[in-house]
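Encoded as structure tokens, the structure appears first; notes follow it.
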Amino acid sequence: MHDKTALDLAAGIAAGDFSAREVTTAFLDRIAATDGELNAFLLVDTAGALAAADSVDADRAEGRPLGPLAGVPVAIKDVLATEGLATTCGSRILEGWVPPYDATVTRNLREAGAVIIGKTNMDEFAMGSSTENSAFGPTRNPWDTGLIPGGSSGGSAVAVAARQAPLSLGSDTGGSIRQPAAMCGVVGVKPTYGGVSRYGLVAMASSLDQVGPFATTVADAALLHSVIAGHDPHDSTSLDAPVPPVLQAAQNADIRGMRIGVVKQLAGEGFQAEVRAHFDRSLELLAGAGAEIVEVDCPHFEHALAAYYLIMPSECSSNLAKFDAMRYGLRVGDDGNNSVEQVMGLTREAGFGPEVKRRIMLGTYALSSGYYDAFYGQAQKVRTLIARDFAEAFAEADVLATPTAPTTAFPIGEKVDDPLSMYLQDIATIPANLAGVPGMSLPVGLDEKGLPVGLQFMAPALADDRLYTAGAALEALTGWEARP
Amino acid sequence: MPEISRDEVAHLARLARLDLTEDELEHYAEQLGVILGAVQRVSEVAASDVEPMSHPVAISNVFRTDQRVPGLSAEQALAAAPAVEQDRFRVPRILDEE
């Protein structure tokens, strides 16, 4: 049962081939058997999942209409609010916090009939590329449990890779869906900025964050994408535009005449040899199927990482100021003598982990008077230049292609104390967040150690459907079937 | 590489309400210097005549109709509070004794 795609599970439940309860039970069993080792889940909602499944089975028995995800288990990154279910963001500062409301995407899932099976592990407040920064222990890569699964949405990537859930949601600020998707051999999509509501997504960097799907196939990712996308009046940055036709695109893998742009700055140096080899082979396959491969020049991409590591921490330091120990979450040192500011300082010191503190300090520095223009202001100008590079590239190409990450998965502990080397993981994924364009990573092969390699497609804003056309085509061409 | 002193880190930590330990102050002074050295590369880009971009979507004010909608009850809002007194958030002292 756990080997079936989400589309097959939904169709099977609708047809009565099996019940939603049978499906949910199969995945709960799978989690029970594997998660002691993998640690992909921070919370498994057995009772809630079975109740949701029973409700789908009752709807079907009564002949009521079923939603597109009726009875399909979905795991949710623990950065998204789930009413009545603890939401920690992988942080001690929020341990035990139970949100009084649902994120819009959580509500979208419930309305589509999905079975919310649990909350997944993540780097604290989505800050990291390895899921080692969780306060609740690292998540392990199912391809080799000595290795990181990527991050920050490592729990959601592993849940799908290890078939603990057919679908999951992640969030992506600089690559946090696409990079773990690459490391775990699954499909992960960061939609156009504003394409999916951020209401109820605990903000890391508000101008960069976006919620998106993980799945084992491009068509399944499209199914989940179509359920969560659309305008939301609760999010003032939500785009009031039609949802791109992602489902149709995933069914129509015709790329004849499609212009695929290879970004000169992200095709060579700094990428592991086998990552490049699989990338080149993928381009040959795409060309063989009728796509036109063109080279595009994005000269400012080489400054994307630097601009990102000024803009993102600046927004973090501002967003995380809300964790002040007054209205919810941890409170330390409230002994009747300490002042409110001392309690805030003690609580934040005790509640945040090292990477979160590092980024708060970096952002506080970049925004402080005397440094603002040279750091934050200049980074915002570079951001404009990167958006212009994209605009010019998309005049010559329908989609852009790069390797998703410079390497395959690396050992737990290898980079966690070396921030700069960890930050390099996102070199190919950050430009899309800065410009607000959509990106997809899909698996295209295995390296000599048997670890998955990902390829990234990027498309213009609101042309997310092109990712699915290109992705479905490449998926068929590589014949990817490997699993951990 | 920009030098960042332990005292500067202590100042930033105060601004950010982080009661860092002595070890953390030392450690972050070193790490922030390295990271700032790397991100300082943005200053090499000629961009004096470029408009800064704060956001991927050009947003002006977003309005909704002025309609009453239900919000959280006091009970719901206080359910996760670290301390409650008389149906309100209880907070540590804000003013000095004198």
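Scan segment A:153-170 for residues that are in contact with a Lys or Arg (Cβ under 6 Å, 6 or more places away or on another chain) and closer than 19 Å to A:Pro191 by Cα and the total you get is 4. Any residue in segment A:181-191 that is surrounded by 24 or more Cβ atoms within 10 Å (Cβ to Cβ), under 20 Å from A:Asp102 (Cβ atoms), within 14 Å of chain B (Cβ to nearest Cβ) and at pLDDT 95 or above? Among the residues of segment A:181-191, at least one is surrounded by 24 or more Cβ atoms within 10 Å (Cβ to Cβ), under 20 Å from A:Asp102 (Cβ atoms), within 14 Å of chain B (Cβ to nearest Cβ) and at pLDDT 95 or above, which makes the answer yes. The residues listed here are A:Ile93, A:Ile148, A:Ile117, A:Ile177; of these, the one that is crowded, with 24+ Cβ neighbours inside 10 Å, over 16 Å from the mean Cα position of the chain (by Cα), over 30 Å from A:Asp57 (Cα atoms) and touching a residue at least 12 places away in the same chain (Cβ under 8 Å) is A:Ile93. Taken as a whole, the condition of being in contact (Cβ under 8 Å) with a residue 24 or more places away in the chain and closer than 21 Å to A:Ala401 by Cα applies to A:Pro191. There is no residue in segment A:459-480 that is in contact with a Cys (Cβ under 7 Å, 6 or more places away or on another chain), within 14 Å of another protein chain (Cβ to nearest Cβ) and either free of Cβ contacts under 8 Å to residues at least 40 places away in the same chain or surrounded by fewer than 24 Cβ atoms within 10 Å (Cβ to Cβ) (or both).
Only one of the numbered conditions (1) closer than 19 Å to A:Val294 by Cβ; (2) within 14 Å of another protein chain (Cβ to nearest Cβ); (3) more than 16 Å from the chain's Cα centre (by Cα) is not met by A:Val437, and that is (3). When restricted to residues that are surrounded by fewer than 20 Cβ atoms within 10 Å (Cβ to Cβ) and closer than 29 Å to A:Met258 by Cα, segment A:370-387 contains 2. The set of residues from segment A:388-412 being out of contact with any Phe, Trp or Tyr (no Cβ under 8 Å at 6 or more places or on another chain), small (Gly, Ala, Ser) and within 22 Å of A:Glu448 (Cβ to Cβ) comprises just one member, A:Ala405. Given the condition assigned to a helix (DSSP H, G or I), within 14 Å of another protein chain (Cβ to nearest Cβ) and touching an Asp or Glu at 6+ places or on another chain (Cβ under 6 Å), answer yes or no: does some residue in segment A:237-246 qualify? No, segment A:237-246 contains no residue that is assigned to a helix (DSSP H, G or I), within 14 Å of another protein chain (Cβ to nearest Cβ) and touching an Asp or Glu at 6+ places or on another chain (Cβ under 6 Å).
Looking across segment A:388-433, the residues that are under 26 Å from A:Ala291 (Cα atoms) and surrounded by fewer than 18 Cβ atoms within 10 Å (Cβ to Cβ) come down to A:Arg388, A:Ala391, A:Glu392, A:Ala395, A:Glu396.
Each residue in segment A:220-257 was checked for being more than 22 Å from the chain's Cα centre (by Cα) and of a type in the set (Asp, Glu), and 2 of them qualify. Of the listed requirements (1) assigned to a helix (DSSP H, G or I); (2) on the phi > 0 side of the Ramachandran plot, A:Ala250 misses just one: (2).
Scanning segment A:39-47 turns up one or more residues that are in a helix (DSSP H, G or I) and surrounded by fewer than 20 Cβ atoms within 10 Å (Cβ to Cβ).
Taking segment A:271-316 as the range and being among the small types (Gly, Ala, Ser), surrounded by fewer than 22 Cβ atoms within 10 Å (Cβ to Cβ) and part of a helix (DSSP H, G or I) as the test, the residues that pass are A:Ala273, A:Ala277, A:Ser282, A:Ala287, A:Gly288. Look at segment B:48-87 and say how many of its residues are surrounded by fewer than 10 Cβ atoms within 10 Å (Cβ to Cβ) and either touching a Gly at 6+ places or on another chain (Cβ under 7 Å) or not charged (D, E, K, R) (or both). Residues flagged as surrounded by fewer than 10 Cβ atoms within 10 Å (Cβ to Cβ) and either touching a Gly at 6+ places or on another chain (Cβ under 7 Å) or not charged (D, E, K, R) (or both) within segment B:48-87 amount to 11. Taking the criterion of being closer than 25 Å to A:Gly84 by Cα and out of contact with any helix residue (DSSP H, G or I) (no Cβ under 6 Å at 6 or more places or on another chain), the residues of segment A:139-163 that qualify are A:Gly155, A:Ser156, A:Ala159, A:Val160.
Look at (1) of a type in the set (Phe, Trp, Tyr); (2) surrounded by fewer than 24 Cβ atoms within 10 Å (Cβ to Cβ); (3) within 24 Å of A:Thr478 (Cβ to Cβ) and you find that A:Tyr199 fails only one, number (3). If you go through segment A:74-84 and keep only what is away from chain B (no Cβ under 13 Å) and in a loop (DSSP other than H, G, I, E, B), you end up with A:Asp78, A:Val79. The condition (being of a type in the set (Val, Ile, Thr), surrounded by fewer than 24 Cβ atoms within 10 Å (Cβ to Cβ) and free of Cβ contacts under 8 Å to residues at least 24 places away in the same chain) is satisfied by just one residue among A:Val332, A:Val343: A:Val332. Considering only segment A:337-362, state which residues are assigned to a helix (DSSP H, G or I), small (Gly, Ala, Ser) and more than 8 Å from every other protein chain (Cβ to nearest Cβ). Matches in segment A:337-362: A:Ala350, A:Gly351. Of the helices (runs of 4 or more DSSP H) lying entirely inside segment A:385-484, those containing at least 1 residues that are closer than 25 Å to A:Asn252 by Cα are A:430-435, A:464-478. Considering each residue of segment A:297-314 in turn, at least one proves to be of a type outside the set (Lys, Arg) and closer than 17 Å to B:Ala13 by Cα.
The values are calculated or read from the model by the stated rules, or taken from the named source; none is laboratory data. Predicted model only: the values in this text are computed from it and were never measured. Cβ atoms come from the backbone with ideal geometry, glycine included; neighbour counts cover every protein chain shown.
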